[in-house]
Amino acid sequence: MKTGDWIWSAILGCVIALFINPASRNVIAAMSNAHPVLTGFLKFAVLASMGELLAIRIVSGKWRVPAGVVYRILVWGTVGVFIVVSFAVFTAGVEDAIRRGLLPVANNALYSLTKAVWTSIVINLAFAPVLMVGHRMVDTYLDLAEGSFVKLLSVRLEQVISRIDWQELIRFVCLKTIPLFWTPAHVITFLLPPEYRIIYAAFLSISLGVILAFSKRARQSPANGAPAVPNLLWGLRAAKSMFAHGDLPAGAD
């Protein structure tokens, strides 16, 4: 591991320690209940941005701050706000649908589990694709503008649409990660107390970022036997293998 790896790991360790320590965990939970939008913004601005930096590290082999990093942090924070609102909306909506008999649920001990399953299914079918496409478009705007606000104003929608790899976005990100990663992962999310759901979702963004990064690296190196459009299980196997053997690009910082 290089210096940047240790620094990134230390920051993540400090964040995890805040949730392991009962005193700090209770403070965070109280703040999350009192100020859900603000804390949702901060959680995603920090953790999802760390995930993006790690993804760049995996793909390029170097720690590199992306162009327009401040804008990207603000975008991640805004994503966190959308997720806070969507969790509240879809949780209440699924509960209402259950009361009306529109969704079947198990009784007694399995009630919470089946309600969590339905909430995850509904939110990932109705909201996740819109969020993913929207986020990819915003990121592409920033890429084309090279982080410059002046250039950002001149970027046209047609340029953004033509730049996006729609095959990868639809076939892999939407049709593979949503059913195979996000839906089962968010079942756990909706089994947690409300004050811990957003931080768990933010940690999940790091995990998925790793998978997507290894898949992107595989597409850039077709000689390694990776599929043209990667599948999620291949990405998981690649991530496991590379972490186990330290298989990062030569010259990594």
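Summary of computed values
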{"read-out": "Rh (Kirkwood; distinct C-alpha pairs) - the stretch 3-245, Å", "value": "19.4 Å"}
{"read-out": "Net charge of neighbours whose Cβ lies under 13 Å from the Cβ of LEU191, counting Lys and Arg as +1 and Asp and Glu as -1", "value": "+2"}
{"read-out": "17 Å cut-off, amide nitrogen to a point 7 angstrom out along ASN26 Cα→Cβ, residues in the stretch 179-220", "value": "195-196"}
{"read-out": "Separation of alpha-carbon centers, the stretch 78-115 and the stretch 157-182, rounded to whole Å", "value": "26 Å"}
{"read-out": "Extended-chain gain in nm, criterion 0.36 nm per residue less alpha-carbon gap, THR3 and ARG171", "value": "56.9 nm"}
{"read-out": "In the stretch 129-215, the GluC sites (Glu not before Pro) that fall in loop regions by DSSP, at most 15 other Cβ within 10 Å", "value": "GLU146"}
{"read-out": "Out-of-range pairs (alpha-carbon distance over 31 Å; input LYS62/LYS115; LYS115/LYS216; LYS62/LYS151; LYS2/LYS176)", "value": "LYS62/LYS115; LYS115/LYS216; LYS2/LYS176"}
{"read-out": "Fewest-first sequence of ILE178, ILE20 by Cβ atoms within 10 Å of each Cβ", "value": "ILE20, ILE178"}
{"read-out": "Relative contact order of the stretch 3-245, defined on C-alpha pairs under 8 angstrom at six or more residues apart (%)", "value": "25 percent"}
{"read-out": "Loop-located trypsin sites (Lys or Arg not before Pro) in the stretch 114-158, at most 13 other Cβ atoms within 10 Å (DSSP)", "value": "ARG156"}
{"read-out": "Estimated distance in nm for a label pair at LEU131 and LYS151, the labels positioned 7 Å out from Cα along Cα-to-Cβ", "value": "2.9 nm"}
{"read-out": "Prolate/oblate/rounded label for the stretch 172-212 (Cα gyration tensor, a/c 1.5)", "value": "oblate"}
{"read-out": "Most mobile listed residue (ARG163, ARG57, ARG100) in the chain, GNM with C-alpha springs under 10 Å", "value": "ARG100"}
{"read-out": "Residue exposure sequence - CYS174, CYS14 - by fewest surrounding Cβ within 10 Å", "value": "CYS14, CYS174"}
{"read-out": "Taking ASP165, ASP139 and counting other C-beta atoms within 10 Å, the order from fewest to most", "value": "ASP165, ASP139"}
{"read-out": "Estimated FRET transfer efficiency when R0 is 51 angstrom, pair HIS35-SER162 (beta carbons, to 0.05)", "value": "0.80"}
{"read-out": "Surrounding net charge for LEU204, when Lys and Arg each add one and Asp and Glu each subtract one, Cβ distance under 13 Å", "value": "+2"}
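All of the numbers you see were taken from the coordinates with simple rules; none came from a lab. Predicted model, so just to flag it, every value in this text is computed and none were measured. Because the Cβ atoms are built from the backbone with ideal geometry, glycine has one as well, and the counts that use them run over all protein chains shown.
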